1. Looking at the stretch 1-74, which chymotrypsin sites (Phe, Trp or Tyr not before Pro) are in a loop (DSSP not H, G, I, E or B) and have at most 15 other Cβ atoms within 10 Å?
2. Go through the stretch 1-41 and name the trypsin sites (Lys or Arg not before Pro) that are in a DSSP coil and have 14 or fewer other Cβ atoms within 10 Å of their Cβ.
3. Between beta-carbons, use under 10 Å as the cut-off and find the net charge around Ala87, counting Lys and Arg +1, Asp and Glu -1.
4. How long is the gain from Glu272 to Glu125 if the chain were fully straight, where each residue apart is worth 0.36 nm and the alpha carbon distance is subtracted?
5. Under a 5 Å amide H to amide H cut-off, with H placed in plane at 1.01 Å, what residues pair with Leu263 once short-range neighbours are removed?
6. Return the sequence-ordered ³J(HN,Hα) values of the stretch 43-56 in whole Hz as given by the Karplus equation 6.51 cos²θ - 1.76 cosθ + 1.60 applied to θ = phi - 60°, using x for Gly and Pro.
7. Can you give me the distance in nm between label points at Glu52 and Glu77, each placed 7 Å from the Cα along the Cα-to-Cβ direction?
8. Counting Lys and Arg as +1 and Asp and Glu as -1, what is the net charge of the other residues whose Cβ lies under 13 Å from the Cβ of Arg230?
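The values are calculated or read from the model by the stated rules, or taken from the named source; none is laboratory data. Computed from a prediction, not measured in an experiment: that's the story for all the values here. Methodologically, a virtual Cβ is constructed for each residue, glycine included, from the backbone with ideal geometry; neighbour enumeration extends over all protein chains shown. Quick note on the areas: whole protein, heavy atoms, side chains included, nothing else; ligands and nucleic acids left out. Shrake-Rupley method; radii C 1.70, N 1.55, O 1.52, S 1.80 Å.
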Amino acid sequence: ALALRCRPKRIWLPFYICAEMSDSLTSAGIELCRYRIDRSLGVVRDFSLGREDWLLCVNYFGVADAVVDEALKNFPEDRVVVDQAQAFFSPPRPALATVYSPRKFFGVPDGGYLITEIPVPEPLEQDEGSAERSGPLRIRRLEGAEAGYGAYRAAEAGLKGQPPRAMSSLTRGLLAGIDYPAARSRRIKNFRHLHERLGKSNRLRFSIAADIAPLCYPYLPDDGNALRQRLLARRIYTPVYWPGLVRQSDPLGAEMAEGLLPLPIDQRYGEEEMENMLEVLFQ
């Protein structure tokens, strides 16, 4: 909605990003340019931002607040869009806009937030598909992650190509009932627990703020694929982010698409689950 309202000439976005993001911008008739990221998950500044260009800066996994702040120093703030889809608990920055995706953190079927001072008209149509999309959440709750995975994939596919709509009343109600401080506190503790044990062997080098509450613990070891299978055998599931980008991504993006382990740290888990994961990784 923001891009359609403002019509930038070009948008620079990283190679390592979901295809849905680039597809939606392309379908809006906006030219896309790509940039690489480094091992701190920051923007590799080997390009120039034109006067009518925007930069999409991603707070990867919720551990890249310092990257966002650095980008806002190096590029004009009024041409930077901050993608906080994986960083729900990171505050908005003084940028053109900030976007959030609560469904990556909580049990809601859809919806998101756009924060900007640009007067973007709210969609006239409200999303009415939330009840149907919440099916995978119910299945997962009652029967486990394996049973709900197929329905989850179908629900995700159903979100592609959707026009901008106002958040559904169901999603609003679910979000209103969340204990955010408790969820944030648990994520912080779980993240610190894993980083203390895995930080030295992690080939990513992100800066750790004291109060970050990330999406996951992004672990890039030497043998990611083997460890993924070991975790899977113990029913510990780690998503593969954007594997289709392997051929067209930058070198680090390709490496992450193949071998990154986004270890779960969300509020459903505690110290016991973190120790179980570490036991599998170090066995």
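1. Passing sites in the stretch 1-74 are Phe47.
2. Counting only loop positions with at most 14 other Cβ atoms within 10 Å, the trypsin sites (Lys or Arg not before Pro) in the stretch 1-41 are Lys9, Arg39.
3. After counting each charged neighbour, the total is -1.
4. Values: separation 147, 0.36 × 147 = 52.92 nm, distance 4.47 nm.
Net length gain for the segment: 48.4 nm.
5. Here Tyr217, Tyr219 satisfy the definition.
6. Ordered by residue, 3J(HN,Hα) equals 6, 7, 8, 10, 9, 10, 8, x, 5, 10, 9, 10, 10, 9 Hz.
7. If labels sit at Glu52 and Glu77, their model points lie 2.6 nm apart.
8. With Lys, Arg at +1 and Asp, Glu at -1, the neighbours total +1.
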